[in-house]
Structure formats: C-alpha cells, structure tokens
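We did not get these values from a lab; they are worked out from the coordinates using the rules stated. Just so we're clear, the structure is a prediction, and the values are computed from it rather than from any experiment. Counting neighbours? That spans all protein chains shown, and the Cβs are built from the backbone with ideal geometry, glycine included.
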Amino acid sequence: MPLTIEQLPEGAAEVVDATIVELVSHGGIAIASSAAPTVATPLPVYHIGAEALVGRRGLAAATHVGWVATVRNGSEVMGSLELSPGPQSGAAPVRFGSFAQGPLHKGIAGAVDAAGTQAGRKQVRARLLRAPAVYLLALWLTDGDTDTLVPIAPAPAPLRAGEPMLAADALAALADAARQAIAGPRQRP
C-alpha cells in the first residue's frame, strides 16, 4: 500500500505492546480466544483550533498532539489506542493516553483502508486532523503537493463523511462554524 506514515519515536512500539497486554489481561478488550489483537501503525494526530479556522491559517496552524492506532481482533475493529507525547525529559518518548471504542474508530480504520486503495501508485502520507470546536475528525492525506481531508463520520456540515476535499476548501467551509463556536451559545430572549 502506498500510504506512508511518519515514524514513531524510538521506544513507542514497546509502549503499544505493553498497553495491549494490559488491556487484554485486565479485560479492557474482549478478544476471541484463538486470536491475538493486532494494532495498526499509529497515525500522527494534529489539532487545529477554532481561531486558526476563522483566521484561515490553514494546515500550517495544525500542531502535532499524539498518535492514534486502531486495534483489531481479526477483521473486527475493537477500538483505538491514543498515545501522547511523553515528558520532554524522561524515559519514554510516548505514553498511553486512552483507549476508546465505537463507530468513530471503525471509521478511522475504514478511511485508512479506502485511502490506501484510492492512492493507487501515488506515494501519500496519512495523518489525522482534529478540529474539536467544529466536531471534525478527518484523515489528512498529502502527496507533498496537495493536501486532502477525508472527514470521518459524523462529519460537520457542509462536509460529507468519506468524501475527499482539498484541505484549504474544507477548512474554509468550516470558518463560520468555528466563528460560532468561539462566540459561544446564543442567548434566548
């Protein structure tokens, strides 16, 4: 598959392995007795704030905040592990952040699988982009020249889940929603 993913810091694989062992041994993940859970290569996660959307600063304003890896039991997506950067000085470069289950995590796995198929022979780098103020989680694909976002369901209007869109257009389409999020809830008379 021509999707490429940025390298994890050294030692991160050990954190992932230890986390899976803990989750399975303490019942955090129920797995079939004949299968062992598999973990996809963690995708880097970037955050973009409402102010950056309103100011139309684009992806240059996105900051790296961690990694997300889907966990499967056979073909079934069990959920996602989130890894956070470790302390600037200390032992591990990453640490376990959280484990979550639900349709959003199946959507991440599905979006990555679809992107790998659609990329064809092109070399495409995959990341995740979060814009919490407007409820966006999207697969961020870049070939070095073009940045594309593929919203993961549920997608904020006017974006549509699973439909690739140029990143600049997608982020511009969310500027009004970001402006409303900054303003806060409207007061009723």
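With a Förster radius of 35 Å applied to the C-beta separation of A183 and Q101, the computed FRET efficiency comes to 0.55. Shown is the FRET efficiency for S84 and R56, computed with R0 = 45 Å from the Cβ-Cβ distance and rounded to the nearest 0.05: 0.95.
You can think of it this way: the chain between E6 and D113 has 36.8 nm of extra reach, that is 0.36 nm per residue less the Cα-Cα gap. Of the two radii for the range 3-183, the radius of gyration is 0.98 times the Kirkwood radius, both from the alpha carbons; that is the Rg over Rh value. Within the shell defined by Cβ-Cβ distances under 14 Å, the residues around L23 carry a net charge of -2, with Lys and Arg each +1 and Asp and Glu each -1. Just going by the charge dipole of the range 3-183, with Lys and Arg at +1 and Asp and Glu at -1 on Cβ, which of P93, A157, A111 is farthest out on the positive end? The one lying farthest along the dipole's positive direction is A157.
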